[in-house]
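Remarks on the structure that follows.
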Amino acid sequence: MRNFFEELLGKVLSDMTFGTPDSLDVKLYAARKPYSTNGDWDEKISAVAWSSNIASNEAPASHFYATWSEPNDDFQKRHFGGVVLEGKSLGEYVFWYCSLAPAEAAEWDRFIAGLLPDADWRSAVKAFRFSFDPQPDAAEPSKPAASLADRPRSLLVKDEEEE
């Protein structure tokens, strides 16, 4: 494992070149294209590249960023029949999931574990409500009450036109 990191560090350092005294070029090699970055994706070498000009009295750009998500294909196929979350939508789902309290995450995990691709999992996701979600207003029963599950529902269950 140590050789892997030494090799990676050597590659990173060799790609952090100073083209001229007033510029900085950085490359980050990755297995897949990021869904969000302030750099440029180079498909030929599978890398995100950044270039920053440095004025004599200024520091280089304060940060470079790239954001990826890698779907767990086997898990999604087992519960949804295919990959339904990837790229930015998977990143948003993970961000939502990581914001859950432990009890909320456990309730969501139990729900997802029960979904099967040959069942109507989309209807189950549309109907899911956390046990602590507010009940619909009796004065307006047709208006659904907000649910913590609204965000993942919108990511998992796409409109029929999108499928």
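Of all residues being out of contact with any helix residue (DSSP H, G or I) (no Cβ under 9 Å at 6 or more places or on another chain) and assigned to a helix (DSSP H, G or I) in the range 115-136, which is farthest from Ala149 (Cα to Cα)? Just the residue, please.
Taking the range 115-136 as the starting set, the residues that turn out to be out of contact with any helix residue (DSSP H, G or I) (no Cβ under 9 Å at 6 or more places or on another chain) are 118-120, 123, 127, 129, 133-136.
If we keep only those that are assigned to a helix (DSSP H, G or I) as well, we get 123, 127.
Numbers: Ser123: 13, Ala127: 10 Å.
Checking each candidate, the answer is Ser123.
Are any residues in the range 76-111 part of a helix (DSSP H, G or I), aliphatic (A, V, I, L, M) and buried (at least 17 other Cβ atoms within 10 Å of the Cβ), and if so, which ones?
Residue satisfying the conditions is Leu90 alone.
Table: residues versus (1) assigned to a helix (DSSP H, G or I); (2) in the same structural domain as Ser62 (by TED's automatic domain parsing); (3) at pLDDT below 85.
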position	(1), (2), (3)
Glu7	yes, yes, yes
Val12	yes, yes, yes
Pro21	no, yes, yes
Asp25	no, yes, no
Leu28	no, yes, no
Ala31	no, yes, no
Trp41	no, yes, no
Ile45	no, yes, no
Trp50	no, yes, no
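Please go through the range 125-154 and give me each residue that is surrounded by 17 or more Cβ atoms within 10 Å (Cβ to Cβ) and either in contact (Cβ under 8 Å) with a residue 40 or more places away in the chain or outside the structural domain of Tyr93 (by TED's automatic domain parsing) (or both), ordered by number.
Listed by number, the residues that qualify are Leu148, Ala149, Pro152.
The values are calculated or read from the model by the stated rules, or taken from the named source; none is laboratory data. Remember, it's a predicted structure, so these values are computed and weren't measured experimentally. Positions of Cβ are generated from backbone atoms using ideal geometry, with glycine treated the same way; all protein chains shown enter the neighbour counts.
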